[in-house]
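What follows is a set of notes on a single structure, which appears directly below.
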Amino acid sequence: MLAVADAAPAALPEAARACQLEATRRTREALLGRVRLLAPCHRHPPRALAAGSDCAEYPPLAARLARLGSRAAARIAARCGGAALGAAHFGVPCDAPADGGTLAQCLLRVAGAAADDALAAERPNPGFCGDTGATVERRVDRLLTRMTLAEKLDQMHGVSLFTPGLAGRITAVARLRIPGIGMLDGARGVSAVSGNATCFPVGMARGATWDEALEERVGEAIGAETRAKGGSMILAPVVNILRHPRWGRAQETYGEDTVHLGRMGVAFVRGAQRHVIANPKHYALNSIEDTRFTVDVAVDERSLREVFLPHFRRAVQEGHAGAVMAAYNQVNGAHCSENTHLLREVLDGDWGFQGFVESDWVLGTRSTVPAVEAGLDVEMPAPSYFGKPLADAVTAGQVRLTTIDAAVRRTLRAQLCFRLDADPPKVDPTQVETPAHVALALQAARESIVLLRNEAGALPLDAARARSLVVVGPLAAMADLGDHGSSLVVPASAVSPLAGIRARAGGVTVAYVDTSSPSPADLALIAAADAAVVVVGLTFQDEGEGLITIGDRPSLALPRDQDALVAAVAAANPRTLVVLEGSGHS
């Protein structure tokens with residue numbers, strides 16, 4: 001970016017040349033100043049640095065960095081106003097600033113990122129513990145020496161099959177100020193087990209936005225509401241490759257491409273982890289419901305590494321996820337919760353994962369010794385194979401205490417680095433379904449809509465010309481928000497397509513035909529309207545989580561003869577608008 005400015009012709013107007021010289025000088029000073037301030041802190045973090053924090057967040061350094069940036073911004077803006085800016089040359093992304101202040105913000109943002117890249121090249125990835133990793137590890141060492149075996153094993157399983165207001169909980173150890181972890185589902189908002197919450201579009205819809213910044217905001221909002229419900233960990237995002245298009249939970253993931261999945265998943269994790277621990281799932285190769293407890297996915301190593309795992313790797317290494325959920329299915333002959341290759345060799349070994357692995361609920365753990373030796377840290381939601389069976393295995397010498405300590409270290413590390421001891425979540429209903437969160441959900445819904453085809457200028461509708469509408473189909477009167485399995489979210493209110501159209505119709509007459517088989521009278525009403533809107537697709541009765549709800553779809557065809565409904569409406573009214581709701585694979 002600065003090289004473009006440095007290489008600009010010497011014949012530039014004097015004001016433009018002065019702008020470029022001042023801007024490049026101050027940008028370089030800001031970059032080097034950031035490195036000089038942060039590098040010593042990274043090498044020797046101060047004792048007062050809060051667990052899980054980065055040196056850039058340490059108040060004394062943050063204040064100095066802010067002063068450094070504000071001085072540079074003021075001098076750049078002063079030199080680069082008006083005509084001087086118009087004739088100056090800077091590289092992307094700062095090649096078309098609106099004014100000197102905008103130029104300064106852009107240059108300093110790029111400089112900050114470059115400084116952080118340089119600092120990162122000189123030290124290991126700090127992960128979710130930030131620059132306090134060594135301090136946290138020393139505290140974990142002390143805790144492990146004081147914990148009894150029973151207390152350690154309690155950190156390796158959930159408390160109960162049913163935990164009021166939560167999906168599950170790892171218990172606290174009050175005498176040692178170990179806070180425990182409260183978990184809630186949250187693929188599209190905080191789970192209905194905790195009451196009402198903001199309902200965001202499903203993951204497949206948000207994937208259709210292609211907007212990582214928006215997804216980070218969604219993750220942050222869901223994380224904030226999780227914390228306001230008393231939870232400290234959100235069981236999301238779902239980042240499984242949609243291998244089988246009839247998958248009942250296709251709606252929960254972002255799509256079919258590993259790069260897309262990875263970038264959206266990282267965005268969600270970063271947003272959510274401003275408030276709680278994020279938990280990418282289901283690791284790995286999970287994309288079927290009806291046989292998810294028994295299916296054995298055979299995959300070669302190259303496909304595993306290039307197609308099915310990169311998005312999980314990004315969530316761990318770039319998003320710094322604090323936990324990962326092991327899937328129900330088998331991979332190459334071993335259940336995911338006892339798959340040494342997936343857990344020990346890839347996740348821990350190759351990726352340097354610092355968080356903990358918990359099983360999927362109830363049937364996710366299939367053994368005691370093989371599971372703990374393979375790298376499963378926590379059985380959820382209650383101990384069937386861990387707990388007493390694991391204690392017996394330790395007593396019998398089948399599992400070493402060092403293996404137990406390593407697993408407990410992971411859960412303690414997450415609790416301390418996310419400051420669950422010093423700043424535990426507090427129930428606060430005022431932070432749930434806030435106007436800002438509801439507006440964000442609406443924005444995400446609007447950006448998720450995909451216009452597949454617009455023949456003969458059917459859209460947009462002009463209220464001055466289209467004086468009558470007819471809305472057709474049972475789904476039009478239904479607020480179709482997604483599956484009713486573990487991802488179920490219940491907002492305080494929701495708007496159906498019919499209600500939304502009527503609310504915006506103004507003076508336009510809106511009729512409704514509530515059937516999938518229109519009668520001759522219905523067809524006459526449809527034909528007489530200036531435009532027809534037919535709403536079709538899938539509901540929670542057609543696709544969803546296996547065992548809990550309907551499971552996988554039997555066919556890719558629209559159910560309940562909805563194709564015939566669309567054809568009948570289109571034949572009756574040439575200006576027919578088809579709204580298709582579902583997982584995106586119809």
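So, V495, is that one assigned to a loop (DSSP other than H, G, I, E, B), among the β-branched types (V, I, T) and at pLDDT 95 or above or not? So V495 fits the description; yes. When A3 is tested against (1) part of a helix (DSSP H, G or I); (2) at pLDDT 85 or above, exactly one condition is not met: (2).
Being at positive phi, in contact (Cβ under 8 Å) with a residue 24 or more places away in the chain and not in a strand (DSSP E or B) holds for only one residue in G265, G255, and it is G255. For L65, the conditions (1) under 30 Å from T135 (Cα atoms); (2) at pLDDT below 95; (3) touching a Lys or Arg at 6+ places or on another chain (Cβ under 9 Å); (4) in a helix (DSSP H, G or I) are fulfilled apart from (2).
Restricting attention to the range 310-347 and to residues that are assigned to a loop (DSSP other than H, G, I, E, B) and free of Cβ contacts under 8 Å to residues at least 40 places away in the same chain, the residue that is surrounded by the most Cβ atoms within 10 Å (Cβ to Cβ) turns out to be N339. Take the conditions (1) over 25 Å from R305 (Cα atoms); (2) in contact (Cβ under 8 Å) with a residue 40 or more places away in the chain; (3) of a type in the set (A, V, I, L, M, F, W, C); V238 misses just one of them, which is (1). Sub-9 Å Cβ pairs linking a first residue in the range 38-54 that is without any contact (Cβ under 8 Å) to a residue 12 or more places away in the chain to a second residue that is crowded, with 18+ Cβ neighbours inside 10 Å, at least 6 apart or interchain, are P40/C55; A48/Y58, ordered by first then second residue. Total residues in the range 235-263 satisfying the condition of being in contact with a His (Cβ under 7 Å, 6 or more places away or on another chain), surrounded by fewer than 24 Cβ atoms within 10 Å (Cβ to Cβ) and hydrophobic (A, V, I, L, M, F, W, C): the figure is 0.
Among the residues of the range 126-139, not a single one is charged (D, E, K, R), in a loop (DSSP other than H, G, I, E, B) and modelled with pLDDT under 95.
Each residue in the range 182-214 was checked for being in a strand (DSSP E or B) and of a type in the set (G, A, S), and 1 pass. Pairing each residue of the range 277-300 that is assigned to a loop (DSSP other than H, G, I, E, B) with any residue that is of a type in the set (K, R), provided the two are 6+ apart or on different chains, yields C-beta distances under 6 Å for S287/R243.
Only one entry in V193, V202 is closer than 25 Å to L242 by Cα and not acidic (D, E), namely V202. All of (1) under 35 Å from the mean Cα position of the chain (by Cα); (2) part of a loop (DSSP other than H, G, I, E, B); (3) surrounded by fewer than 19 Cβ atoms within 10 Å (Cβ to Cβ) hold for D563 with one exception: (2).
Is it the case that D530 is over 26 Å from T549 (Cα atoms), of a type in the set (D, E) and surrounded by 12 or more Cβ atoms within 10 Å (Cβ to Cβ)?
yes
The values are calculated or read from the model by the stated rules, or taken from the named source; none is laboratory data. Since we're looking at a predicted model, the values are computed, not measured. All Cβ positions, glycine included, derive from the backbone under ideal geometry; neighbour counts span all protein chains shown.
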